[in-house]
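Asker: Before I ask anything, here is the structure I am working with.
The values are calculated or read from the model by the stated rules, or taken from the named source; none is laboratory data. Source: prediction; values computed, not measured. Reconstructed Cβ throughout: ideal geometry from the backbone, glycine too, with neighbour counts over all protein chains shown.
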Amino acid sequence: MLVVFASGMLSNALLGEPILAPLKNSSQVILATAVWYVIFYTPFDIGYKVSKFLPVKVVCSAMKEIYRCKKVYDGVTHAGKLYPNAYLIMIIIGTLKGNGAGFTKLFERLMRGVWTPTAMEIMQPSFPTKASMVASIIFVLDEKTDLISAPHALVYFGIVIFFVYFKLSSILLGIHDPFVPFENLICALFFGGIWDSLAKLFGRGQIKDEKADAKKTN
């Protein structure tokens, strides 16, 4: 339950609302429990094998991404009602709503007796976290500014397509994080990457010159 309802629990904790409020919907709790039982305890792992069957996996993944977009939008709008001018809070809550399970993996593994302090979502965000943050920013710009002139329905549909397309790309094509090339470019230009490379290059050249001079002297 900690992983299934992590988005709502984390968001409520940050917004000062009841942390266990996501568990008040009994039908969702029963459904989550039933799915958990089918995946882990059906004979011969039938539930797990069916979920890993490619057509079933594709359909379930697409539905999950559609629901992720809804959760991101709900998080942004809910935070916007509480803090109308706090854009950063809206983005944070929207991101947590979109991939709250990623931020609770550390605690979930700790409860199972597996301590992985290096696998922190804040330090090494996964693609769902990055995509949820981008979607939150777009929703904030759409709701609170005039920078996006397209109709809201079109913006929402575009984000759904974005989520579904890259999720299916990771399953079918092996493209797990399309943000990596842009991150590498930004790091190289604005966060010292290119200057570090140049410093290493000139440093190696200087070392080679010193070695050559030493050989000539000897």
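Asker: Give just the number: which of (1) modelled with pLDDT under 90; (2) within 24 Å of residue 51 (Cβ to Cβ) does residue 131 not satisfy?
Answerer: Of (1) modelled with pLDDT under 90; (2) within 24 Å of residue 51 (Cβ to Cβ), only one is false for residue 131: (1).
Asker: Same structure again: Is at least one residue of region 37-46 surrounded by 13 or more Cβ atoms within 10 Å (Cβ to Cβ) and aromatic (Phe, Trp, Tyr)?
Answerer: no
Asker: Further, regarding this structure: Among the listed residues 71, 64, 81, which satisfies the condition of being assigned by TED's automatic domain parsing to the domain that holds residue 138, among the basic types (Lys, Arg) and buried (at least 17 other Cβ atoms within 10 Å of the Cβ)?
Answerer: 71
Asker: When residue 34 is evaluated against the numbered criteria (1) of a type in the set (Gly, Ala, Ser); (2) loosely packed, with under 13 Cβ neighbours inside 10 Å; (3) in contact (Cβ under 8 Å) with a residue 60 or more places away in the chain, which criterion, by number, is the only one it fails?
Answerer: (3)
Asker: How many residues, within region 21-31, are of a type in the set (Val, Ile, Thr) and exposed (fewer than 13 other Cβ atoms within 10 Å of the Cβ)?
Answerer: Of the residues in that region, 1 qualify.
Condition check ((1) under 22 Å from residue 81 (Cα atoms); (2) crowded, with 17+ Cβ neighbours inside 10 Å; (3) under 23 Å from the mean Cα position of the chain (by Cα)) across all residues:
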position	(1), (2), (3)
128	no, yes, yes
131	no, yes, yes
146	yes, no, no
151	yes, no, no
159	yes, yes, yes
164	no, yes, yes
169	no, no, yes
198	no, no, no
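Asker: State whether the residues of region 119-130 include one that is within 21 Å of residue 9 (Cβ to Cβ), in the same structural domain as residue 71 (by TED's automatic domain parsing) and assigned to a helix (DSSP H, G or I).
Answerer: Looking for residues that are within 21 Å of residue 9 (Cβ to Cβ), in the same structural domain as residue 71 (by TED's automatic domain parsing) and assigned to a helix (DSSP H, G or I), one finds at least one in region 119-130, hence yes.
Asker: Picking from 137, 171, 161, which residue would you name as being outside any loop (DSSP other than H, G, I, E, B), under 20 Å from residue 78 (Cα atoms) and modelled with pLDDT of 85 or more? It would help to see each step written out before you state the result.
Answerer: Details: 171 fails: under 20 Å from residue 78 (Cα atoms); 161 fails: under 20 Å from residue 78 (Cα atoms).
Just a single option satisfies the conditions, and that option is 137.
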